[in-house]
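Read-outs throughout are calculated quantities, based only on the coordinates presented, and are distinct from any laboratory measurement. Since the model is a prediction, treat every value here as computed from it, not as a measurement. When we count neighbours, we look across all protein chains shown, and the Cβ atoms used for this are built from the backbone with ideal geometry, even at glycine.
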Amino acid sequence: MRRKLAAGNWKMNGVSASLDELKSLAGTHADPSVDVLICPPATIVQSAAQTVDNTPISIGGQDCHAESSGAHTGDISADMLRDAGATAVILGHSERREDHEESSEMVRAKARSAQASGLTAVICLGESLAQREAANTLDIIAGQLAASLPDNSTAENLVIAYEPIWAIGTGKVPTLAQIGEVHDFIRTRLERRFGAGVGRGVRILYGGSVKPDNAADIFRVPNVDGALVGGASLKASDFSPIIKALEESA
């Protein structure tokens with residue numbers, strides 16, 4: 001059985017005072033029946049990891065460089081994240097793919113580095129509104145899957161997050177049937193590439209305007225193993241109901 005995962009991406013939000021939200025979340029979910037991962041900005045990864053030490057909550061990064069070290073001013077390596085206390089890292093988020101022109105091949109190189117450092121790579125996939133309207137969604141997802149995932153991926157070091165770009169932060173949410181179609185497609189492709197054991201074990205998250213009022217319905221869709229949540233993960237009062245909805249679906 002795949003253990004459900006509620007992951008929060010704080011994006012470029014959060015300072016030291018924001019760690020109080022982690023304390024509140026850890027207090028509310030002292031013994032969750034699902035995994036909980038929070039990915040704050042790099043400046044507070046170490047402090048966040050210390051804040052949730054000896055709690056079930058894990059900390060991740062939002063990006064890493066493909067190299068383990070070197071002359072890459074301003075970048076952060078997977079080894080650095082691991083040293084700071086992270087256990088996972090988000091890679092290939094649409095905002096990175098668009099704002100920083102990251103290709104799927106770049107995402108794959110970063111994922112290799114993350115996995116080699118002992119981090120779980122949370123690899124994001126998703127189509128634009130134009131691609132959705134042109135009925136190209138599955139072709140886009142197939143291409144991103146093929147090019148973004150390292151060959152040595154396992155159910156332990158890989159998580160997939162399907163995030164339709166047009167649903168991120170917009171309040172727009174695909175229909176449950178649309179979510180199900182993509183998640184089923186991803187599952188089939190994972191099994192075909194990595195074999196049934198790994199393919200059935202990799203967790204597939206949905207992301208894009210997940211809120212407390214729609215989470216329960218989304219989590220009932222087959223092959224949805226949790227969520228990658230943006231804005232609603234910044235406040236414990238907003239994220240906690242999503243975690244509870246995931247626990248109820250487990």
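Note on region 1-54 and region 154-228: Cα centroid distance 21 Å, given to the nearest whole angstrom.
Local charge sum around Ser209 (other residues, Cβ-Cβ under 12 Å, Lys/Arg +1, Asp/Glu -1)? After counting each charged neighbour, the total is 0. In this structure the amide hydrogen of Ala161, modeled in the peptide plane, comes within under 5 Å of the amide hydrogens of Ile123, Cys124, Leu125, Leu205, none closer than 5 places in sequence on its chain. Extension gain, Ala142 to Asp83: 0.36 nm times the residue separation minus the Cα-Cα distance gives 17.9 nm. Residue ranges 36-47, 82-93 sort as 82-93, 36-47 when ordered by packing (mean number of other C-beta atoms within 10 Å per residue, highest first).
Computing FRET efficiency as 1/(1 + (r/R0)^6) for Met12 and Asn54, where r is the C-beta to C-beta distance and R0 is 35 Å, gives about 0.80. Cross-linked pairs Lys23/Lys244; Lys4/Lys211; Lys11/Lys110; Lys110/Lys172; Lys211/Lys235: Cα-Cα separations exceed 22 Å for Lys110/Lys172.
List residues of region 168-191, by number, whose backbone nitrogen lies under 16 Å from a label position 7 Å along Cα→C-beta of Ala155. Those under the cut-off are 187-191. With 0.36 nm allotted per residue and the present C-alpha distance subtracted, the Asp75-Gln46 stretch has 8.8 nm of extension available. Is the shape of region 43-180 best called rounded, prolate or oblate, per the rule: a/c under 1.5 gives rounded, else a/b larger than b/c gives prolate, else oblate, with a ≥ b ≥ c the square roots of the Cα gyration tensor eigenvalues? Prolate, since a/c reaches 1.5 and a/b exceeds b/c.
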